[in-house]
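For reference, the structure is listed below as structure tokens.
The values are calculated or read from the model by the stated rules, or taken from the named source; none is laboratory data. Note that the structure is a prediction, hence the values are computed from the model and not measured. Note: ideal-geometry Cβ built from the backbone for every residue, glycine included; neighbour counts use all protein chains shown.
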């Protein structure tokens with residue numbers, strides 16, 4: 001079996017179990033599967049988010065090292081590694097969840113390609129992913145794969161080719177994948193409190209370029225994937241946006257309020273605009289003399 005699709009049978013069986021929770025709704029089963037996988041991957045998401053946040057916070061120090069050791073690349077790399085170890089930062093941690101999710105994507109691609117065989121409509125092809133005696137297998141054989149006017153086994157490209165009634169919802173779903181991916185980038189970047197330092201850092205510029213290209217890449221590959229997998233991308237992105245918001249709140253919920261109280265100088269008491277009483281008394285004494 002292909003190592004990239006070895007997870008297909010377990011995920012197909014799990015999808016069959018989730019389908020029984022909300023019978024006759026393939027789309028809801030996909031959403032439940034996405035949420036469950038996202039929860040299982042939460043430790044990786046937590047590590048990724050904190051690592052990217054930490055990378056942004058040390059950008060001023062990185063820039064300082066690059067300026068100080070710009071003539072000695074070997075010493076610069078050594079100092080950078082020492083800085084990463086001191087701050088507990090792993091530059092590769094940001095890509096780890098994406099790499100680990102790729103086998104899940106390949107496996108789900110196979111799961112959402114399961115449909116009645118062209119040779120025998122009473123048999124699913126491939127037959128080793130969805131349990132043949134499950135309610136989901138029966139739904140697939142009967143063609144009950146619709147959700148919000150979308151056929152979960154169809155690709156957006158195929159849906160658009162059929163007409164506007166199926167094409168528009170498919171386009172909206174792909175745009176949701178792209179928009180949610182972009183928002184994840186914006187959500188992370190606006191946590192950076194030294195944007196100028198980050199922009200001046202070549203490594204940070206490369207990371208920003210990757211994060212800008214990735215949403216477009218996700219939209220491009222979604223165009224030819226089964227709608228079920230595109231639904232997985234969209235729900236996973238939205239759930240991760242919520243996860244990142246919770247992580248930011250837990251890690252630094254009081255930072256903004258604390259900064260507001262510490263950075264704002266105390267307001268001096270307002271001085272009376274008129275002449276002071278002591279000055280009036282002194283003038284009266286002079287007049288008496």
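Of the residues examined, residue 127 is one that is closer than 20 Å to residue 9 by Cα and in a loop (DSSP other than H, G, I, E, B). Within region 21-37, being modelled with pLDDT under 90 and either in contact with a helix residue (DSSP H, G or I) (Cβ under 6 Å, 6 or more places away or on another chain) or closer than 16 Å to residue 105 by Cβ (or both) holds for one residue alone: 22. Kindly indicate whether residue 177 is in a helix (DSSP H, G or I) and without any contact (Cβ under 8 Å) to a residue 24 or more places away in the chain. So residue 177 fails the test. Remark: residue 41 falls outside the filter, which requires a residue to be closer than 28 Å to residue 221 by Cα, surrounded by 14 or more Cβ atoms within 10 Å (Cβ to Cβ) and in contact with a helix residue (DSSP H, G or I) (Cβ under 6 Å, 6 or more places away or on another chain). Considering region 1-80, the qualifying helices (runs of 4 or more DSSP H), each wholly inside and each with 1 or more residues that are touching a strand residue (DSSP E or B) at 6+ places or on another chain (Cβ under 7 Å), run over 26-40.
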